[in-house]
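See structure below.
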Amino acid sequence: MSSNVDVVIVGAGVTGLTAATRLTEAGYDVVVLEARDRIGGRLWTDTVDGVRLELGGQWISPDQSALIETLDELGLQTFSRYREGASVYVGRDGVRRTFDGSAFPVSEYTEAEVDRLTVVLDELAAQMDPLNPWDMPGAAELDRMSFAAWLREQTDDQEARDNIALYIGAAMLTKPAHAFSALSAVLMAASAGSFSHLVDADFILDRRVKGGLQQVPLLRAEKLGSKVITCAPVTAISYDSAGATVRTVSGHEWHAKRVILAVPPTLVSRIAFSPNLPPVQMQARQHQSFGIVIKLHITYPTPFWREAGLSGTAFSPYQVVHEAYDNTNHDDNRGTLVGFVSDENADRLLELTPDERRACVLASLTTYYGEQAREPLAYYESRWMAEEWTAGAYATSFAIGGLTRYGARLREPIGPISFGSSDVAGLGFQHVDGAIRVGRMLADELIAERLGQTTEITTQAPA
Ligand code: FDA
């Protein structure tokens, strides 16, 4: 079987569906081919053991204007994360302390060093256009050095280093600070507006969507109707300057003028290209990898921590669960915590049996919230590293040196094929906001080319 369309889009995540919507509105005939049996990629809202959970992405911050515009357009409502009361921090001395406001309870010296480094990172982030991080002054030097080594050069205070590393390493890139460059750290900060934003949980983890963030791709797909095909992994693409033939696992061939590969860079090489992609393109994608994080969902009969005067916000570079928050649904009387185990802690936990893992996680939560945390009603782990069509979380980033050497390559079209996902975004890098921006950009590039159309039903000229 074969069919003709103007544009084949591979991947029904937010990037692919945003591009498909924009191209359809401009009069192009598109098809979206999705490997999974569901829509949304790294967005997945599901009910597990009677609790509605955000298994993938969920939070929205006030600067994410592309996402906020999309939510408004789709008529989706948001609610604020619960944040009344004290937060919990466990220090290098192993002591649990509560605190109000943003300055967490460390020695005066550590606090001053954290504040000083925050200014340094804010200044670096202000010099960077996150869409072209390789162009910032001193980019090559920052990219040759691990973030851990950079932090060692900046301060002799271990606890300050551990906390700054946590905000970008465990909490964002989900890699240890020795595994990514100082330039990648600055990119993470610049893509969120500043490093100060990353440190401020009330900013970066501000709101959630009532009913779940997966509604964004679900509503987009609903509107596109039969143009979105699930259970259709793309296995091969042959191309020349005139167009491409995209083959799915069932053998169906789609002929198109253009292809948008809206998949993480790490999954591009699962597709057989004919001719092969240029060597530098293959190399570029081998230097990028997913981080690893286990997202934990733990539900209790009530949000008991609130009665104890706690907001639910807890963090520590020295705990297996390095950060946790009140994640109670707006329409639920039960209390849900969300916690995260990242990078090397995740490696260690995945070596354990499920029962051992659960015991280890609950012990960490007990340190933060007290003994009641040991007896949840429901416990669930999102394990994206085990998902064939993602294989990690939250997103991909470059190994040391890769950003300046190969970063610009990832958005280069090859013949009729263009590439993109939240992993190559500038603003909103690694986030849903970035996926929307990249989806719009990919569609607008094709529309600007005034791509000739192949099908009879789409005779309307693009805007
Ligand atoms: P995505 O990976 O979603 O989509 C790609 C699609 O392509 C997938 O559906 C995949 O199945 C498909 N595909 C791959 N290969 C294929 C092939 N050969 N053929 C056909 N289809 C193929 N963001 C945020 O803004 N706030 C947050 O709180 C969080 N938190 C968070 C938590 C967790 C646990 C995760 C995993 C992620 C987040 N994120 C997040 C990140 C956010 O979810 C992510 O950046 C975007 O959803 C990515 O959207 P994309 O469309 O770019 O890729």
Can you tell me which condition ASP135 does not meet? The list is (1) touching a residue at least 12 places away in the same chain (Cβ under 8 Å); (2) loosely packed, with under 14 Cβ neighbours inside 10 Å, and all the others hold. (1)
Filtering the stretch 5-26 down to residues that are more than 19 Å from GLY212 (Cα to Cα) and of a type in the set (Ser, Thr, Tyr), which residue is surrounded by the most Cβ atoms within 10 Å (Cβ to Cβ)? THR21
Given (1) part of a loop (DSSP other than H, G, I, E, B); (2) more than 19 Å from GLU323 (Cβ to Cβ); (3) in contact (Cβ under 8 Å) with a residue 60 or more places away in the chain, ARG92 misses just (2)
Would you mind telling me which numbered condition in (1) within 30 Å of THR230 (Cα to Cα); (2) within 19 Å of the chain's Cα centre (by Cα) TYR379 fails? (2)
List the number of the failed condition for VAL106; all other conditions in (1) away from the ligand (no atom under 16 Å from the Cβ); (2) open to solvent by 60 Å² or more (accessible area, probe 1.4 Å) hold. (2)
List pairs: first residue in the stretch 352-372 and outside the structural domain of GLN319 (by TED's automatic domain parsing) and closer than 12 Å to VAL341 by Cα, second residue polar (S, T, N, Q) and part of a helix (DSSP H, G or I) anywhere in the structure, Cβ distance under 6 angstrom, at least six positions apart or on different chains. none
Might you check whether a residue that is in a loop (DSSP other than H, G, I, E, B) and touching a His at 6+ places or on another chain (Cβ under 7 Å) occurs anywhere in the stretch 1-21? yes
Among strands (runs of 3 or more DSSP E) completely within the stretch 331-440, the ones holding 1 or more residues that are within 12 Å of the ligand (Cβ to nearest atom), open to solvent by less than 60 Å² (accessible area, probe 1.4 Å) and among the polar types (S, T, N, Q) are 335-342, 378-382, 396-398
What number of residues within the stretch 11-66 are among the basic types (Lys, Arg) and either at positive phi or away from the ligand (no atom under 13 Å from the Cβ) (or both)? 2
What number goes with the only condition from (1) open to solvent by less than 30 Å² (accessible area, probe 1.4 Å); (2) in the same structural domain as SER364 (by TED's automatic domain parsing); (3) within 16 Å of the ligand (Cβ to nearest atom) that VAL90 does not pass? (3)
Please pick out the residue among THR155, THR235 that is of a type in the set (Val, Ile, Thr) and away from the ligand (no atom under 16 Å from the Cβ). THR155
Counting only residues in the stretch 238-264 that are within 29 Å of the chain's Cα centre (by Cα) and closer than 16 Å to SER418 by Cα, the one nearest to the ligand (Cβ to nearest atom) is identified as VAL263
Does any residue of the stretch 56-72 turn out to be assigned to a strand (DSSP E or B) and either closer than 30 Å to ILE271 by Cβ or open to solvent by 10 Å² or more (accessible area, probe 1.4 Å) (or both)? no
Taking the stretch 27-42, which residues are aliphatic (A, V, I, L, M) and open to solvent by 10 Å² or more (accessible area, probe 1.4 Å)? ALA35, ILE39
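The values are calculated or read from the model by the stated rules, or taken from the named source; none is laboratory data. What you see is a predicted model, and the numbers here were worked out from it, not measured in a lab. As a convention, Cβ positions derive from the backbone with ideal geometry for all residues, glycine included, and neighbour counts pool all protein chains shown. The area values use the complete protein model at the heavy-atom level, side chains included, leaving out ligands, DNA and RNA. Shrake-Rupley method; radii C 1.70, N 1.55, O 1.52, S 1.80 Å.
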